[in-house]
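This report refers to the structure that appears directly beneath it.
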Amino acid sequence: MNYPYQKAFNLSLESNSLSPSTILEYNYDIHDFFNYLLNFNDAFSNPIMVETILESDVRQYLTMLQDKRNIKNSTYTKVLSHLNGYFKYLFTHQINTHIPTLMLKGKKNIANSVITFNWLIDFDSYLFNSEISYYSRLVLLMTRHFFKISEILQPGFFVSFKQLTFTETEELFLKQFNTYIKQLQILQNSNDCFLKLRKNVEAPLLSLPGLHKFLKKDLQFIAPNVSPRLLYQSAICFFILTNNTMTDSEIMMTLRIDPNSLLYYRHLIIEQKLII
């Protein structure tokens, strides 16, 4: 599906001497935006009338990229820049009467490591490394099963997580973790897994900043400046690269992602030239 005025917009990009690869990046991001509007925004139907797109629609899309695809700040800013260039073109050529991206700002870039697969390839050595806290090792296990930090800190998550199918070594680790956490669960009167170390029955769950204190210290064993977001992206990309005989439907069901997200991660694999 082409997005509205794609041919004319591409000609304007070419006239500004942009490289073919940069134009491809523009087209990918703008196409993804319109695809998102059609599939996940009830206010739009095919064909989309560009004059009906509001700032809130663009903001909703950018929020989805952060929440569902865990993009980094530099990617957020790049996508916004591409959308802004497109809507400015429509405005200056009197196709649109407003620029819905005008008041939106990019994100400051935070230095992060590139996607790394070493923790997945040699997973057991990290899982049983006693220098890494139990909490951080459990995060690695949950991330390997394609859960994000926002999910694993939900009350009751650990009870449902333990119902999954695990490898023999994963089962062994969970047995060791259950022994470790049992006293804390009794102290906090909770069956959850990420619990505060001091008694707080009314609010026993470890906060996100609290968990990050453990991760900040422990994830250095994997790579400098690695983050939970990068670990999640690594797990997703690793699975896609190592299961190329699976159908798209099977991959999406296993990873619990939608078609747009699958397209994004495949694009990320190509962009970063990721190989196993």
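Here is how the numbers come out for the structure above:
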quantity: Cβ pairs under 9 Å, 6+ apart, first in the range 244-257 and at positive phi, second surrounded by 14 or more Cβ atoms within 10 Å (Cβ to Cβ); calculated: Arg256/Phe146; Arg256/Phe147
quantity: Qualifying positions in the range 53-94 - of a type in the set (A, V, I, L, M) and in contact with an Asp or Glu (Cβ under 8 Å, 6 or more places away or on another chain); calculated: Val79, Leu83
quantity: All positions within the range 58-76 that are farther than 24 Å from Phe146 by Cβ and surrounded by 18 or more Cβ atoms within 10 Å (Cβ to Cβ); calculated: Val58
quantity: In the range 125-144, the residues that are surrounded by fewer than 19 Cβ atoms within 10 Å (Cβ to Cβ) and within 11 Å of Glu170 (Cα to Cα); calculated: Phe128
quantity: The range 178-194 residues that are more than 19 Å from Val139 (Cα to Cα) and without any contact (Cβ under 8 Å) to a residue 40 or more places away in the chain, paired with ones that are hydrophobic (A, V, I, L, M, F, W, C) and assigned to a helix (DSSP H, G or I) (beta carbon under 8 Å, 6 or more apart); calculated: none
quantity: Pick from the range 199-220, criterion among the aliphatic types (A, V, I, L, M) and assigned to a loop (DSSP other than H, G, I, E, B), ranking: nearest to Asn129 (Cα to Cα); calculated: Leu206
quantity: Residue check for Tyr86: hydroxyl-bearing (Ser, Thr, Tyr), within 29 Å of Val114 (Cβ to Cβ), at pLDDT 90 or above and within 23 Å of the chain's Cα centre (by Cα); calculated: no
quantity: Candidate set from the range 252-276 (those that are part of a helix (DSSP H, G or I), β-branched (Val, Ile, Thr) and farther than 19 Å from Met142 by Cβ); member that is farthest from the chain's Cα centre (by Cα); calculated: Ile270
quantity: The range 114-131, residues that are touching a Phe, Trp or Tyr at 6+ places or on another chain (Cβ under 6 Å) and either outside any loop (DSSP other than H, G, I, E, B) or closer than 14 Å to Phe177 by Cα (or both); calculated: Trp119, Leu120, Tyr126, Leu127
quantity: Single residue of Leu230, Leu211, Leu268, Leu262 found to be aliphatic (A, V, I, L, M) and more than 30 Å from Leu38 (Cα to Cα); calculated: Leu211
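The values are calculated or read from the model by the stated rules, or taken from the named source; none is laboratory data. Computed from a predicted model, the values in this text were never measured in an experiment. Using ideal geometry, Cβ is built from the backbone for each residue, glycine included, and neighbour counts are taken over all protein chains shown.
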